[in-house]
1. Being assigned to a helix (DSSP H, G or I) and at pLDDT 95 or above is the requirement here; does residue 23 meet it?
2. For region 55-77, check the following and say yes or no: at least one residue is surrounded by 14 or more Cβ atoms within 10 Å (Cβ to Cβ) and farther than 16 Å from residue 24 by Cα.
3. I'd like the full set of residues that are in contact (Cβ under 8 Å) with a residue 24 or more places away in the chain, within 18 Å of the chain's Cα centre (by Cα) and in a loop (DSSP other than H, G, I, E, B), limited to region 97-123.
4. Among the residues of region 126-145, write down those that are surrounded by fewer than 14 Cβ atoms within 10 Å (Cβ to Cβ) and either over 23 Å from the mean Cα position of the chain (by Cα) or in contact (Cβ under 8 Å) with a residue 40 or more places away in the chain (or both).
5. Which condition from (1) surrounded by fewer than 13 Cβ atoms within 10 Å (Cβ to Cβ); (2) small (Gly, Ala, Ser); (3) at positive phi is the one that residue 173 breaks?
6. Please enumerate the residues belonging to region 107-140 that are modelled with pLDDT under 95, among the small types (Gly, Ala, Ser) and under 19 Å from residue 38 (Cβ atoms).
Amino acid sequence: MQTREPAIEIGPHGMPMENAVRAWRQCGRLWHLDDLVAGADALLGGRRPLATIDELEAEVALMGDVRRGILRHALALVRPGVRSPKETHLRLLLVRGGLPEPEVNADIFSARGDFVAEIDLAFPAWRVAAEYDGRVHAEDPRQFARDADRWAAIRDAGWDHIRILNHHLRDGGGSAVAMVRGALIRAGWRPGL
């Protein structure tokens, strides 16, 4: 229950909207944990973040948590810099699948030090790159060609590039976890070490 004045802000196109931090906390009563994490990641990301982790934590401290502490649990899983909800869901899936926590949106460079690509989820110690590929550019032949050149450049820089498509996330995402686990094991990672 809201016990304070509303925090209405003017959003895009002059439309009134609820303060993003308050709206995220209110979603805690309805959303699943992973969606709360993805929502918080979105608030913290982009060129002009809508919130800081301190603001989200302060909102929960001031107004209280819900559903046995789901908001604090979500905040412990938030990682600034995530670019999409699918990245968040994939990261959580991989970690729950027993894999090491990947770096979020890490830069890859060539042996000469030239920038190659920004990777959704990177395991630098093993030079494994995992990315969710929504194929939003598949209909544009020029963009698809740029993407294919990027994939080759990542491999040429010595990284094993694992592209996760939507069908790999179905039925609990076991296929996605297996693909990334396989790449990590090929690179020398061992579970439990």
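The values are calculated or read from the model by the stated rules, or taken from the named source; none is laboratory data. Everything quoted here is computed from the prediction, not taken from an experiment. So basically every Cβ, Gly included, is an ideal-geometry build from the backbone, and we count neighbours across all protein chains shown.
1. no
2. no
3. Once the filter is applied, which keeps residues that are in contact (Cβ under 8 Å) with a residue 24 or more places away in the chain, within 18 Å of the chain's Cα centre (by Cα) and in a loop (DSSP other than H, G, I, E, B), region 97-123 yields 97, 98, 99, 100, 102.
4. Selection gives 134, 139, 140, 141, 142, 145.
5. (1)
6. 134
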